[in-house]
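Step one of this worksheet: look at the structure below.
The values are calculated or read from the model by the stated rules, or taken from the named source; none is laboratory data. Because the structure is a prediction, the values reported are computed rather than measured. Cβ placement follows ideal geometry from the backbone for every residue including glycine, while neighbour counts extend to all protein chains displayed. Keep in mind that these areas ignore ligands, DNA and RNA; they rest on the heavy atoms of the full protein, side chains included. Shrake-Rupley method; radii C 1.70, N 1.55, O 1.52, S 1.80 Å.
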Amino acid sequence: MYYFNMVFAVLSTFFFLVFFLFSLFEKEWRASLVSFLSITINLSFWIFLIKYSHIRSIFIFNIIIIIVVLFLSVLSFVKYFPAHPEKKTEKIKKYDERDHMFSRNNLNNHQNLRKKYYKKYPEKEKIDKKIGKFPNLGEKGSTFYDKYYSPVIDAAFSVLDRTGFLTDGSMAIKKQKTDPEKITEAIRFIAKYYGAVDIGITELKDFHFYSHHGRKSENWGKKVENTHKYGIAIIVKMDIDQIKHSPALPVLLESSKEYVESAKIAHIIAEYIRGFGFSARSHVDGNYDLLAVPLAADCGLGEVGRMGILIHKKLGPAVRISAVTTDIPLQTSVKQNFYIEEFCDICKKCALNCPTGSISEDGKSSNRGFEHWSVNQEKCYTFWRRSGTDCAFCIRVCPYTKKDTLLHNFVRFYISRNRINQRIALFFDDIFYGRKFKIKKKNPKITAY
């Protein structure tokens with residue numbers, strides 16, 4: 001018994017010590033304090049058992065503790081989740097881009113389109129008028145406006161918007177014969193060489209695409225046509241240290257920066273493919289023909305979480321996505337189940353902390369022909385306009401928003417094994433990082449990297 005206690009004491013203390021050091025490095029002060037206290041409590045507990053194990057009641061308690069620890073340790077490596085019913089996608093109704101809040105906001109600049117849309121959806125006009133009274137993102141009058149740094153956002157998105165001509169382009173006259181394995185390997189290299197952290201490829205399905213265009217006035221209301229077979233999802237990561245300032249200005253600075261970075265990668269890959277004589281289109285912020293989140297999920301890069309955005313398998317929701325569609329033969333990625341949805345089902349931190357209650361704490365509802373969590377985009381976007389940023393508080397509080405380190409990757413692996421592990425992981429995440437988070441009231445000092 002003495003040796004068992006010594007082994008458990010050393011291993012558990014080592015774990016808390018590692019956690020303490022990682023937390024200090026990541027500037028997670030609550031986690032640092034709790035892990036430091038855990039080291040003291042943990043050592044005291046095992047020393048107590050060692051010292052008083054000669055007492056019968058303590059001895060029995062000691063045996064029970066060791067059995068429970070051994071049982072949970074073995075159980076933690078057992079992979080079991082109830083089987084998922086296969087998701088049927090044939091009856092999924094496409095999403096109309098005209099219904100997106102950004103598209104509806106753009107109608108203020110096109111009165112003829114505005115009249116046409118609200119004639120069809122009069123119930124949306126009243127709420128959109130209320131939202132329209134607030135400043136646009138990054139404009140003066142919003143909570144987190146800054147005279148010198150807010151205009152950076154408008155500059156970034158204006159430049160991004162002017163890259164629209166790069167989405168489509170001329171193909172080389174002669175089509176070259178390519179090896180799917182080698183061209184796929186080259187595309188992965190290009191993506192990561194230019195800054196992507198992950199990339200996935202899948203065969204396209206109808207529901208990946210919008211039903212009608214809605215962001216650009218020149219093609220507003222036209223049906224989205226697709227002639228491509230393959231979709232490439234490109235992932236870039238956002239700086240978690242900036243996300244921690246959510247919903248203050250740094251989160252929008254970071255978001256706009258990574259949208260620009262992801263667009264750059266998508267444009268280069270599309271142009272690269274066209275050089276082989278195949279058709280390719282890049283899909284970037286403000287110029288998507290498709291829904292990037294379900295595409296990325298089908299590429300095996302993560303799962304759609306309670307907050308309605310992609311939760312990447314390693315980086316959580318702190319990512320931005322661009323895409324390329326093409327007809328060049330490619331090797332598709334293997335879609336995996338990381339059991340993130342199961343964790344979202346019990347976690348609910350994003351819903352609990354959402355400043356507007358836009359994220360539901362309930363289960364999935366059926367919409368557009370399939371079950372999924374829905375976010376109230378009107379409430380969410382209203383807060384964006386008041387704040388002058390894209391909020392991202394749900395990203396901030398998500399337990400998956402942790403850095404890509406050995407420790408956090410071990411926890412992600414642990415979560416992916418079974419539901420008991422998920423309950424235990426959520427319990428400790430609440431203790432070490434908190435359950436309820438305070439919202440920033442003002443911008444931090446913005447400094448150079």
Of all residues making up the stretch 198-249, the number that are within 20 Å of Met101 (Cα to Cα), in contact with a helix residue (DSSP H, G or I) (Cβ under 6 Å, 6 or more places away or on another chain) and part of a helix (DSSP H, G or I): 1
Helices (runs of 4 or more DSSP H) (entirely within the stretch 76-154) containing at least 1 residues that are of a type in the set (Asp, Glu) and surrounded by 11 or more Cβ atoms within 10 Å (Cβ to Cβ): 122-132
Checking Cys354 against (1) crowded, with 22+ Cβ neighbours inside 10 Å; (2) in contact with a His (Cβ under 6 Å, 6 or more places away or on another chain), the condition it does not meet: (2)
Residue in the stretch 172-180 that is of a type outside the set (Gly, Ala, Ser), over 24 Å from Phe383 (Cα atoms) and part of a helix (DSSP H, G or I) present: yes
Unmet requirement for Ser358, which otherwise passes all of (1) closer than 21 Å to Ser23 by Cα; (2) touching a strand residue (DSSP E or B) at 6+ places or on another chain (Cβ under 6 Å): (1)
Filtered residues of the stretch 155-167 (kept if assigned to a loop (DSSP other than H, G, I, E, B) and surrounded by fewer than 14 Cβ atoms within 10 Å (Cβ to Cβ)): Arg162
Breaking point among (1) within 30 Å of Trp220 (Cβ to Cβ); (2) aliphatic (A, V, I, L, M); (3) in a helix (DSSP H, G or I); (4) at pLDDT below 95, for Val68: (1)
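Do we find that Lys229 is more than 30 Å from Pro355 (Cβ to Cβ), touching an Asp or Glu at 6+ places or on another chain (Cβ under 7 Å) and basic (Lys, Arg) in this structure? Even if it seems obvious, please write down each step before you answer.
Working: more than 30 Å from Pro355 (Cβ to Cβ): yes; touching an Asp or Glu at 6+ places or on another chain (Cβ under 7 Å): yes; basic (Lys, Arg): yes.
Against the criterion (more than 30 Å from Pro355 (Cβ to Cβ), touching an Asp or Glu at 6+ places or on another chain (Cβ under 7 Å) and basic (Lys, Arg)), Lys229 qualifies.
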Criterion violated by Ile55 - all others in (1) touching a Phe, Trp or Tyr at 6+ places or on another chain (Cβ under 6 Å); (2) β-branched (Val, Ile, Thr); (3) loosely packed, with under 12 Cβ neighbours inside 10 Å satisfied: (1)
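I'm trying to understand the selection: among the residues of the stretch 131-145, which are of a type in the set (D, E, K, R) and at pLDDT 95 or above?
Taking the stretch 131-145 and keeping what is of a type in the set (D, E, K, R), we get 133, 139-140.
If the condition is that a residue be of a type in the set (D, E, K, R) and at pLDDT 95 or above, then no residue fits.
Could we say that Glu342 is more than 20 Å from Arg30 (Cα to Cα), under 17 Å from the mean Cα position of the chain (by Cα) and in a helix (DSSP H, G or I) here? Before the answer, list the steps.
Numbers: more than 20 Å from Arg30 (Cα to Cα): yes; under 17 Å from the mean Cα position of the chain (by Cα): yes; in a helix (DSSP H, G or I): yes.
So Glu342 fits the description; yes.
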Checking Glu371 against (1) more than 15 Å from the chain's Cα centre (by Cα); (2) more than 22 Å from Asp96 (Cα to Cα); (3) open to solvent by 40 Å² or more (accessible area, probe 1.4 Å), the condition it does not meet: (2)
